[in-house]
Each structure stands twice: as C-alpha cells, then as structure tokens.
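*Asks:* Next up is a structure, given as structure tokens.
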Amino acid sequence: MTTTRVDSYRERSLWFGDDERPLFARLTVPGVGYARGGVLLSPPIGREARLARHTLRSVAIFLAQNGFISLRIDQFGTGDSSGTLDDEGFVDAWFDGIEKGSALLRSCGVPSVSAIGMRIGATILGAATAARDLQFSSVVFWDPCESGRSYLRELAALEALRKGDVMIDLSGPVVTSEFVFSDEAAALLSQVSMSAGTRPIAERVLVVSREDRPLPRKLRARLELERTEWATSTEQEAMLETELPLVKEPEATIVRVLDWIVADAKDPVAYREPIGALEAVVSRNATVLPVRERVVELGPEEMFGIVSEPIGDVRGPWMVMLNGVNEDHVGPSRLWVEMSRRWASFGLRSIRFDLRKFGESPWLPGEPPREPYDLTRLEDILSAVAAFSPEDQSDLVFVGLCSGAQLGLDAALRLHARGLCVINPQVGSGIVRNAHVLEESKRGFVRSLASMMKRKFKQGSWIWKVIFQVARLVLPSAYSLKLRVALKGNGTQLLILASSEDLMPFPRIPLVRSIDRRRIVSSDSCRVEVVPGLDHDMLSELGRSRAVAILDDYVLTQFAGQGGVTDNKFTKKGELR
C-alpha cells in the first residue's frame with residue numbers, strides 16, 4: 001500500500017508526467033467521495049522545502065477536510081522527482097510540472113483547479129502562468145520571490161550569516177546550503193520571473209508577503225493588474241530561518257490561506273481518483289543500469305520510504321540512509337536521493353525513509369511534535385529493517401550524518417551490520433541524546449544539568465551550539481576504541497568522514513590538537529578521513545564534494561566491486577581524481 005488513511009482524508013504517493021522525466025507528488029483527497037475543487041501545491045526547493053514540508057502537508061490535509069483534492073509536487077531536479085539542477089532545460093521542466101500537475105487534478109473531474117506556491121515555488125508558479133494557459137480559478141503567492149535572481153540573492157545573504165558560525169574554506173562556491181548552481185544553471189534560474197508576461201494569472205489572486213519584507217515595486221505593479229487581495233505574515237521567519245527541530249508552523253497564515261481558498265468553493269461533485277504510477281524509472285544511462293524507485297510503507301507505523309533499485313542484476317548489501325534531526329528522507333543537500341540512485345545504477349539497492357511522525361510518515365493534524373532526540377528512533381530503524389529485509393537483517397550498510405551517524409552506530413552494533421559510513425559523527429555531543437541516563441543520576445547537580453541542557457536545546461539553537469562546542473572537547477569520542485573493537489568483532493566495515501572543525505575545535509592549541517587526533521585513528525577495518533574544507537553542516541560546496549567523493553568510491557569499491565569509478569560530479573567538484 002502507499003496510502004495513509006484517516007476518516008476525513010487520505011494520502012498517497014504517485015509519480016506523474018513524462019516517462020523520461022517522472023515527477024513525484026503526494027495526493028491528498030477528502031475521506032468522502034465528493035470534492036469541491038482541486039489545489040496544486042508548489043513548494044520551495046532545497047533547505048526551505050524541508051522546513052516548509054510540515055506546513056504544506058498540514059495545508060493539504062486541511063484542504064481535504066474542507067472538500068478539496070490537493071497535489072503537492074516535487075519540482076524537477078528537487079525532492080524525490082527525477083533529474084538534477086545540472087540538467088539542461090530544468091526551468092521548462094518546472095513549467096511542465098505545473099501544467100501536468102494541474103491537468104492531473106482536472107482529470108479527477110473537479111469543478112475548478114487552484115494553486116498555492118511558496119517562496120521560489122511561488123516564483124515558478126507565477127512564471128508558469130505567464131508561459132502556459134493554465135486557467136486557474138484562484139492562486140496564492142505565499143512569501144514569493146520576485147525572480148530566480150532575487151531568490152539566489154536572498155539565500156546568499158542568509159548563508160553569509162549562517163557561515164559566520166562555522167570555520168570553512170570560502171574559496172569554493174557556496175550559493176545556498178542545499179544547491180550549488182553552475183553558472184549556466186544560475187543564469188537560467190535568474191531569468192525566471194513573476195513580473196514578466198501579461199497573460200491573466202487566475203480569476204482571483206491572494207498575495208501573502210512578509211511584514212518585514214515589502215514586495216518589489218515591479219512585482220507589485222504586475223500583480224495589481226490582477227484581481228488581487230493582499231495580506232501580510234509575521235510567521236515566516238520562525239518557519240524558514242531556523243533549524244528543523246525548532247520550526248514553528250505559521251498557524252494564522254494557514255487559516256488565512258484556507259479561508260480564502262474555501263470562500264470560492266464550488267458545489268461538491270463526485271470525483272475520480274487520478275491515475276498515477278506507483279513506481280518510476282528515475283534514471284537512464286547507457287553505461288550503467290537503469291534505476292527504478294518505488295514507495296514502501298515500513299513496519300506497523302507505516303513509515304514512509306522509497307526504495308532505489310537497479311533494473312537488472314542486484315549485487316551487494318542494502319544501503320540504508322539515516323536522517324539526523326535536521327534532515328528528512330531527501331537527505332542533506334539532496335544527498336540521499338542522488339547517492340541512492342547512483343549506487344543503484346551499479347547494482348546496489350538503497351532505501352531512504354522518514355522516522356515515525358517525521359517528514360511524510362503518518363501523523364495527525366494538531367498532534368504534538370515528536371522530540372528530536374526521542375530514544376525510540378532506534379526502534380524505528382530496527383522495525384524498518386525487519387520490514388524491507390526480513391530474511392537477512394545484517395546484510396546492510398548504514399549511512400548517516402551527525403545524529404544519524406550515531407543512530408547508524410547503534411543499529412550496526414545491534415544488527416551486526418556489514419558496514420557503517422558516517423559523516424561528521426557526534427564526537428562527545430551524544431551526551432544530549434543520552435540525557436535520560438544523566439537524569440537518573442543519584443547526584444542532584446547531574447540531574448539538573450541534564451534537564452537544563454534539554455530545556456536549552458528547545459529554547460534556541462545558539463545556546464545548543466555553545467554546549468556542543470564544550471561537549472565535544474571534554475567528552476570522549478562517540479566512536480571510542482571500545483566501540484570500534486565491537487564493530488570489528490561483528491565484521492562491520494567502518495568509514496568515518498569528519499571535518500577538522502569537529503575533531504579539532506581548537507586547532508591552534510598544540511596539546512588539545514594532539515588529544516583530538518588520538519581520539520579516532522584508522523585501522524584495518526576502520527578508515528578515517530579528516531576532509532579538508534568540510535564543515536559540520538556541509539555548507540562548503542568544496543568540502544562537501546570531497547567528502548561525498550570519498551564516500552562514493554568507498555561504497556562502490558567495498559560493496560559493489562566497482563572501485564575506481566570517477567565519472568561523477570562529486571569527484572570533479574572535489575578535485576580528487
């Protein structure tokens with residue numbers, strides 16, 4: 001099954017569009033067999049897509065409860081859709097996605113189709129209405145960027161602030177924390193504009209702008225030609241300019257948008273479930289195996305997952321992507337998607353999934369968020385493994401970043417996994433994840449310390465950063481000699497990729513530097529690489545590409561018997577050939 005069911009709505013996954021460029025989407029329909037309209041949801045891309053996922057999924061559910069079918073799409077080259085932003089013609093593919101998504105909704109027999117776009121998703125939606133005759137009934141532009149150029153400029157300014165907290169090499173290109181656009185791609189994106197064209201956008205338009213960020217005059221002048229209503233929001237910063245565990249859903253803005261859409265609802269009619277593929281060939285290359293992806297539901301909690309597998313000979317273990325607290329199943333910089341597909345093209349099966357109540361896994365509207373360091377996350381992983389590999393739960397390689405690396409360690413030890421590949425593992429900072437142990441201490445000050453740390457984490461990320469810096473210096477490595485011996489005894493091959501920033505927070509102090517270097521060393525079953533230019537959050541494109549090139553070569557050599565394959569963008573960007 002690929003459907004999440006409650007009484008008032010149903011959700012399911014599908015692929016749609018051209019066979020050569022299939023797009024992934026989530027369809028949400030009313031629990032009854034009648035609908036008052038359809039709504040296409042055009043989300044942001046990159047880091048903003050991850051931060052806005054919960055909000056837009058809530059919007060889709062609330063729309064279904066009010067009688068609307070919605071289709072929440074991943075733009076071409078983003079999320080779980082096919083392609084990359086290095087592909088030629090990705091802007092036209094974006095417009096195709098809007099057009100084909102609206103056509104899919106019309107195939108349901110609904111009386112009208114509307115659309116909601118957020119951030120660059122609003123830009124794509126607006127530009128698509130200028131280029132194509134989409135005949136939308138209502139359109140919402142939610143915190144829109146006037147153009148691709150302004151989007152890149154805004155994110156570059158935000159990243160300049162975020163990079164002030166890390167020690168990275170700025171010699172490589174860093175445009176956003178998710179995508180590094182080539183000059184050609186940036187030029188194409190910069191040409192996408194909501195202000196161009198004179199074709200009517202829709203019968204009615206709502207623009208929700210940030211109270212602290214007025215709309216550009218050119219964009220406002222264009223939108224004043226429409227039947228436009230205006231609204232402002234003070235809630236965008238708390239949703240998009242933070243870390244995933246600290247996101248606050250913009251409740252008042254959601255109500256404003258829903259009320260506006262519902263106000264123009266038509267009489268309900270019986271609808272037809274649209275035709276959409278349950279699997280898709282997402283990668284075709286003449287020199288390697290084609291790659292197929294399918295959606296799976298894992299364990300009794302029906303956790304959302306996507307399997308990438310070769311069409312042809314399967315070799316080697318399962319590659320299991322594990323999320324940290326700041327990622328969903330797409331992975332940092334879309335890494336889990338791109339690596340799953342690359343490794344599948346060489347015969348390895350991969351799976352990426354969302355833990356319970358995260359990402360696209362089931363949750364109920366109004367349900368309190370799950371604690372980011374919930375100790376039952378390991379049980380989710382074990383349940384998922386039992387679902388997709390019940391016959392042999394040890395023929396696995398776990399791949400994780402930061403806290404996902406810690407989960408990988410725990411799961412590898414429990415299951416005697418064949419391999420474990422970790423990027424920027426928690427060196428000492430696992431104290432917070434294990435705060436429950438401290439809270440049970442017989443010493444009162446230790447219990448107080450544990451409670452304070454958990455409380456401070458919830459209050460603000462900057463406080464947590466201070467605690468993290470101190471913890472990783474004074475506490476022993478999460479990958480101690482004892483643990484590495486245990487992994488070796490289980491037959492687990494271990495790869496650790498770390499930034500010098502994480503292993504050596506005070507590199508200019510010789511004594512501390514020597515202590516840090518002794519924490520983790522390579523052995524015959526444990527390869528350790530301190531990656532030049534890599535920062536903890538993987539913002540540096542050069543350091544990130546170097547790390548991924550090492551990871552890619554290690555996985556293909558150790559588990560697919562394909563060593564020395566260097567024809568990939570990570571190797572080229574990381575200058576490791």
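The values are calculated or read from the model by the stated rules, or taken from the named source; none is laboratory data. Since the structure is predicted, the reported quantities are computational estimates derived from the model, not experimental observations. Cβ coordinates were reconstructed from backbone atoms using ideal geometry, including for glycine residues, and neighbour counts include every protein chain displayed.
*Asks:* I'd like the full set of residues that are crowded, with 19+ Cβ neighbours inside 10 Å, at pLDDT below 95 and under 22 Å from the mean Cα position of the chain (by Cα), limited to region 551-572.
*Replies:* Phe570, the sole residue that qualifies.
*Asks:* Something else about it: Scan region 10-40 residue by residue and report those that are without any contact (Cβ under 8 Å) to a residue 60 or more places away in the chain and more than 19 Å from Gly101 (Cβ to Cβ).
*Replies:* Gly31, Val32
*Asks:* Of all residues in region 243-266, count the ones that are within 24 Å of the chain's Cα centre (by Cα), within 30 Å of Ala35 (Cβ to Cβ) and assigned to a helix (DSSP H, G or I).
*Replies:* Matching residues across region 243-266 total 3.
*Asks:* Criterion first (touching a Leu at 6+ places or on another chain (Cβ under 8 Å) and at pLDDT 95 or above) does Leu71 satisfy it? Quick ask: steps written out before the conclusion?
*Replies:* Working: touching a Leu at 6+ places or on another chain (Cβ under 8 Å): yes; at pLDDT 95 or above: yes.
Spelling it out, Leu71 is indeed touching a Leu at 6+ places or on another chain (Cβ under 8 Å) and at pLDDT 95 or above.
*Asks:* Yes or no: region 533-546 includes at least one residue that is touching a helix residue (DSSP H, G or I) at 6+ places or on another chain (Cβ under 9 Å), surrounded by fewer than 19 Cβ atoms within 10 Å (Cβ to Cβ) and modelled with pLDDT of 85 or more.
*Replies:* No - not one qualifying residue is present in region 533-546.
Rundown of residues vs (1) within 15 Å of the chain's Cα centre (by Cα); (2) within 30 Å of Gln65 (Cα to Cα); (3) at pLDDT 95 or above; (4) part of a loop (DSSP other than H, G, I, E, B), yes/no style:
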| residue | (1), (2), (3), (4) |
| --- | --- |
| Val288 | no, no, no, yes |
| Met321 | yes, no, yes, no |
| Arg334 | yes, no, no, no |
| Trp343 | no, no, yes, no |
| Arg356 | no, yes, no, yes |
| Ser361 | yes, yes, yes, yes |
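*Asks:* Can you say whether Leu348 is in a loop (DSSP other than H, G, I, E, B), among the aliphatic types (A, V, I, L, M), more than 21 Å from Arg414 (Cβ to Cβ) and at pLDDT 95 or above, as far as the supplied structure shows? Break it down into steps so the answer makes sense when it comes.
*Replies:* Numbers: in a loop (DSSP other than H, G, I, E, B): yes; among the aliphatic types (A, V, I, L, M): yes; more than 21 Å from Arg414 (Cβ to Cβ): yes; at pLDDT 95 or above: yes.
Against the criterion (in a loop (DSSP other than H, G, I, E, B), among the aliphatic types (A, V, I, L, M), more than 21 Å from Arg414 (Cβ to Cβ) and at pLDDT 95 or above), Leu348 qualifies.
*Asks:* Mind listing just one residue for me: the one in region 86-111 that is among the charged types (D, E, K, R) and within 25 Å of the chain's Cα centre (by Cα) and, of those, nearest to Asp133 (Cα to Cα)? Write out each step before concluding.
*Replies:* Filtering region 86-111 for residues among the charged types (D, E, K, R) gives 86-88, 92, 96, 99-100, 106.
Still in the list and also within 25 Å of the chain's Cα centre (by Cα): 86-88, 92, 96, 99-100.
On the way: Asp86: 27, Asp87: 25, Glu88: 23, Asp92: 14, Asp96: 12, Glu99: 8, Lys100: 12 Å.
Of everything passing the filter in region 86-111, Glu99 is nearest to Asp133 (Cα to Cα).
*Asks:* A further question follows. Suppose we keep only residues that are buried (at least 21 other Cβ atoms within 10 Å of the Cβ) and β-branched (Val, Ile, Thr) within region 296-324. Which one would you say is farthest from Glu541 (Cα to Cα)?
*Replies:* It comes out as Ile306.
*Asks:* Which number in (1) out of contact with any His (no Cβ under 9 Å at 6 or more places or on another chain); (2) surrounded by fewer than 24 Cβ atoms within 10 Å (Cβ to Cβ); (3) under 20 Å from Cys526 (Cβ atoms) marks the one condition that Gly419 misses?
*Replies:* Gly419 satisfies every listed condition except (2).
*Asks:* Given the condition basic (Lys, Arg), under 22 Å from Arg370 (Cα atoms) and in the same structural domain as Leu409 (by TED's automatic domain parsing), answer yes or no: does some residue in region 326-338 qualify?
*Replies:* In the first step, residues of region 326-338 are kept if they are basic (Lys, Arg); the result is 334.
Checking the rest, the ones that are also under 22 Å from Arg370 (Cα atoms) come to none.
No, because not a single residue in region 326-338 is basic (Lys, Arg), under 22 Å from Arg370 (Cα atoms) and in the same structural domain as Leu409 (by TED's automatic domain parsing).
*Asks:* If Ala384 passes every condition in (1) at pLDDT 95 or above; (2) at positive phi but one, which one does it miss?
*Replies:* (2)
*Asks:* What number of residues within region 390-410 are modelled with pLDDT under 95 and either assigned to a helix (DSSP H, G or I) or crowded, with 18+ Cβ neighbours inside 10 Å (or both)?
*Replies:* Here the count works out to 11.
*Asks:* Additional query: Phe62 passes all but one of (1) aromatic (Phe, Trp, Tyr); (2) surrounded by fewer than 22 Cβ atoms within 10 Å (Cβ to Cβ); (3) assigned to a loop (DSSP other than H, G, I, E, B); which number fails?
*Replies:* Exception for Phe62: condition (3).
*Asks:* Filter region 87-117 down to the residues that are in contact with a Leu (Cβ under 7 Å, 6 or more places away or on another chain) and in a strand (DSSP E or B), then identify the one that is farthest from Arg220 (Cα to Cα).
*Replies:* Ranking the candidates gives Val113 first.
*Asks:* Scan region 96-120 and report the pairs whose first residue is assigned by TED's automatic domain parsing to the domain that holds Leu258 and acidic (Asp, Glu) and whose second residue is surrounded by 22 or more Cβ atoms within 10 Å (Cβ to Cβ) and in a helix (DSSP H, G or I), with Cβ atoms within less than 7 Å and a gap of 6+ or a chain change.
*Replies:* Glu99/Ala128
*Asks:* If you scan region 203-259, which residues turn out to be touching a residue at least 40 places away in the same chain (Cβ under 8 Å), of a type in the set (Val, Ile, Thr) and crowded, with 16+ Cβ neighbours inside 10 Å?
*Replies:* Hits for region 203-259 are Val205, Val207, Val208, Val247, Thr253, Ile254, Val257.
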